[in-house]
Amino acid sequence: MRRLGSVQRKMPCVFVTEVKEEPSAKREHQPFKVLATETVSHKALDADIYSAIPTEKVDGTCCYVTTYKDRPYLWARLDRKPNKQADKRFKNFLHSKENSKEFFWNVEEDFKPAPECWIPAKEIEQLNGNPVPDENGHIPGWVPVEKNNKQYCWHSSVVNYEFEIALVLKHHPDDPGLLEISAVPLSDLLEQTLELIGTNINGNPYGLGSKKHPLHLLIPHGAFQIRNLPALKHNDLLSWFEGCREGKIEGIVWHCSDGCLIKVHRHHLGLCWPIPDTYMNSKPVIINMNLNKYDYAFDTKCLFNHFLKLDNQKFGRLKDIIFDV
């Protein structure tokens, strides 16, 4: 199977969308909804959506693995945003009746400064050597997750830079009905994007860990392929999300052969998220750390040490993982 695409920019919806003047169920205080029509978008058709690989859209925060200080490192998503004056100009432009004209950004003056180690996301447009903001007025990018940075403490909990490994959740290689948590070399994840999920991420829709014993994991994008998706029709997908066990997910991401990623979220179809019992939590999970080769005593409070104690144990679901500390 080909290597699936990475998330380096905002993904378009598989359907043409329309704005409905009703309070959003997705974003608090947003007075409108963005809903899918029954028409497949031109972007999806141009990307040959009917030959694409459908995968589960996982609800977390986006991460990226690339080199930093000549070593493989985990990077956190950090978008550069406009300063107050530029943001006000941009919002006035969006709400004006003359917004058929193009909005011009001065990237050097209109945006808040970024950390020195910040890098722009790979696939964003460039103009005269400067990254072009997206339709929301943001410049997507990344910052390296340093070990002692409190802002990214949940990111750093899933990596160990001394041995260059990361805690990853994916399907068991020999049993697609079984999930596996393992320590994966960061070098194996180079130039991939992943989703960080867990106790303190996005309201914890998968119910992992607890306040006293938080649990976080990385999931490579495209890791959970969808095997029995119905035809690409609005009503068929709506029925699948509502009535199938496999449909108890946040959404679908299609990985197209040209590297393009196309999505649909439950909210695009007027459905709720989060939901009580997700498909991810219906599958059994096994711990397979294989850390003996490192001959190293991990910090007693770190996740690697906790999982090492649970090595080779099988659980009915992710929510059942309890650390005995």
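The values are calculated or read from the model by the stated rules, or taken from the named source; none is laboratory data. What you are looking at is a predicted structure, and each value in this text was computed from that prediction instead of being measured. Because the Cβ atoms are built from the backbone with ideal geometry, glycine has one as well, and the counts that use them run over all protein chains shown. Surface areas here come from the heavy atoms of the whole protein model, side chains and all, with no ligands, DNA or RNA. Shrake-Rupley method; radii C 1.70, N 1.55, O 1.52, S 1.80 Å.
Data for the structure
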{"item": "Percentage relative contact order, the stretch 252-317, counting C-alpha pairs under 8 Å, at least six apart", "result": "30 percent"}
{"item": "Accessible area of the stretch 63-203 belonging to carbon and sulfur atoms, whole % at 1.4 Å probe", "result": "47 percent"}
{"item": "Degrees, to the nearest 10: 84-95 long Cα axis against longest axis of the chain", "result": "60 degrees"}
{"item": "DSSP-assigned coil residues among trypsin sites (Lys or Arg not before Pro) in the stretch 180-265, each with at most 14 further Cβ atoms within 10 Å", "result": "Lys211, Lys212, Arg227, Lys233"}
{"item": "Net lengthening on full extension, Asp175/Leu94 (0.36 nm per residue, minus Cα-Cα)", "result": "24.2 nm"}
{"item": "Charge-dipole axis of the chain as Lys and Arg at +1 and Asp and Glu at -1 on Cβ define it, positive-most pick from Pro274, His234, Ile197", "result": "Pro274"}
{"item": "Gln151/Glu116 FRET efficiency (R0 25 Å; Cβ-Cβ; nearest 0.05)", "result": "0.95"}
{"item": "For the chain: relative contact order, % (alpha-carbon pairs under 8 angstrom, 6 or more apart)", "result": "23 percent"}
{"item": "Orphan Cys of the chain, criterion: no other Cys C-beta under 4.7 Å", "result": "Cys13, Cys62, Cys63, Cys117, Cys153, Cys244, Cys272, Cys302"}
{"item": "Full-extension gain in nm, Ile275 to Glu102, via 0.36 nm per residue minus C-alpha separation", "result": "58.3 nm"}
{"item": "Average accessible surface area per residue within the chain, 1.4 Å rolling probe, Å²", "result": "55 Å²"}
{"item": "Computed Kirkwood radius, in angstrom, where 1/r is averaged over Cα pairs of the stretch 206-325", "result": "17.0 Å"}
{"item": "Added length on full extension, which subtracts the Cα-Cα distance from 0.36 nm per residue, Arg245 to Ser257", "result": "1.6 nm"}
{"item": "Student exercise, the chain dipole from Lys, Arg, Asp, Glu Cβ charges, in Debye to nearest 20", "result": "680 debye"}
{"item": "Pairwise label distance in nanometres, Asn235 with Thr67, each label 7 Å out on the Cα-Cβ vector", "result": "5.5 nm"}
{"item": "Rounded tilt (10° steps) of 234-243 against the dominant C-alpha axis of the chain", "result": "30 degrees"}
{"item": "Given charges at beta-carbon only (K, R positive; D, E negative), |dipole| of the stretch 193-307 in Debye", "result": "220 debye"}
{"item": "Portion, in percent, of the accessible area of the stretch 268-325 that falls on carbon or sulfur, probe 1.4 Å", "result": "48 percent"}
{"item": "Separation of alpha-carbon centers, the stretch 204-245 and the stretch 61-140, rounded to whole Å", "result": "29 Å"}
{"item": "In the stretch 89-157, trypsin sites (Lys or Arg not before Pro) in a DSSP loop with at most 12 other beta-carbon atoms within 10 Å", "result": "Lys97, Lys101, Lys147"}
{"item": "Anchor Lys170: aspartates and glutamates whose Cα lies under 13 Å away (excluding residues fewer than 8 positions away in-chain)", "result": "Glu56, Glu180, Glu195"}
